[in-house]
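Visitor: So that we are looking at the same thing, I have put the structure below in structure tokens.
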């Protein structure tokens, strides 16, 4: 098999277009992954409905888990462990160069050559850069994380976005052990916040949510 299945986004409100794309040969530092799962982020919905602009055509989806098919030479995960075909992985939503003035000033999320999975135009060498496809082609320098294979991929898929967002917020908030916490909204991020605060030993967690179904889920 030398082709990947993909579903391309061309225009807001229009159906995604199924298309075959040639599987790339990974260059140095690149990784080809066969996607196992991809969850839908609200930013995907914003792009699809036209509330968020983006290049077209593109392959949406960035909350991805998959198994490595091939690496371009020796590629290591975030912790320095050698990656091999078959490894279950996820990866950072964005890729920064580490060399431009913004990266050097400590704001790599504003890198002058920033790449974002699920938000790039499908063209050139890197076409398979979103999760709504059978494969994803990872850029060199991507922070890749090996995952345990004894957990459901449906839980692991949102690690690089939803869980990471909440983890960053709690890191800035500081230690919540023994404290009262107020969570405003019981959407995906709110539910994850509730779970993490409980795990971190919060004394009491209060949730404000007007949607009764979400409030029941939070309970």
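The values are calculated or read from the model by the stated rules, or taken from the named source; none is laboratory data. From a predicted model like this one, the values you see are computed outputs, not experimental measurements. For neighbour counting, all protein chains shown are included, and Cβ atoms are generated from backbone atoms with ideal geometry for every residue, glycine included.
Visitor: Please count how many residues of the range 55-88 are at positive phi and touching a residue at least 40 places away in the same chain (Cβ under 8 Å). Can you show your working first?
Guide: We begin by selecting, within the range 55-88, every residue at positive phi; these are 61, 73, 80, 86.
Narrowing further to those that are touching a residue at least 40 places away in the same chain (Cβ under 8 Å): 61, 73.
Residues meeting the conditions: 2.
Visitor: Restricting to the range 72-103, what's the tally of residues that are more than 22 Å from residue 164 (Cα to Cα) and surrounded by fewer than 12 Cβ atoms within 10 Å (Cβ to Cβ)?
Guide: 7
Visitor: Given the options 75, 28, name the one that is at pLDDT 95 or above and over 20 Å from the mean Cα position of the chain (by Cα). Show your work before the answer.
Guide: Details: 75 fails: over 20 Å from the mean Cα position of the chain (by Cα).
Of the residues listed, the single one that is at pLDDT 95 or above and over 20 Å from the mean Cα position of the chain (by Cα) is 28.
Visitor: Can you tell me which residue within the range 129-155, out of those that are modelled with pLDDT of 95 or more and under 14 Å from residue 63 (Cβ atoms), is surrounded by the fewest Cβ atoms within 10 Å (Cβ to Cβ)?
Guide: It comes out as 145.
Visitor: Among 60, 82, 93, which is in contact with a helix residue (DSSP H, G or I) (Cβ under 9 Å, 6 or more places away or on another chain), in the same structural domain as residue 10 (by TED's automatic domain parsing) and modelled with pLDDT of 95 or more? Step through it out loud before you land on a result.
Guide: Numbers: 82 fails: in contact with a helix residue (DSSP H, G or I) (Cβ under 9 Å, 6 or more places away or on another chain); 93 fails: modelled with pLDDT of 95 or more.
On inspection, the qualifying residue turns out to be 60.
Visitor: A further question follows. Which members of the range 14-57 meet the condition of being surrounded by 14 or more Cβ atoms within 10 Å (Cβ to Cβ), touching a helix residue (DSSP H, G or I) at 6+ places or on another chain (Cβ under 9 Å) and farther than 18 Å from residue 156 by Cα?
Guide: 16, 43, 52, 54, listed by residue number.
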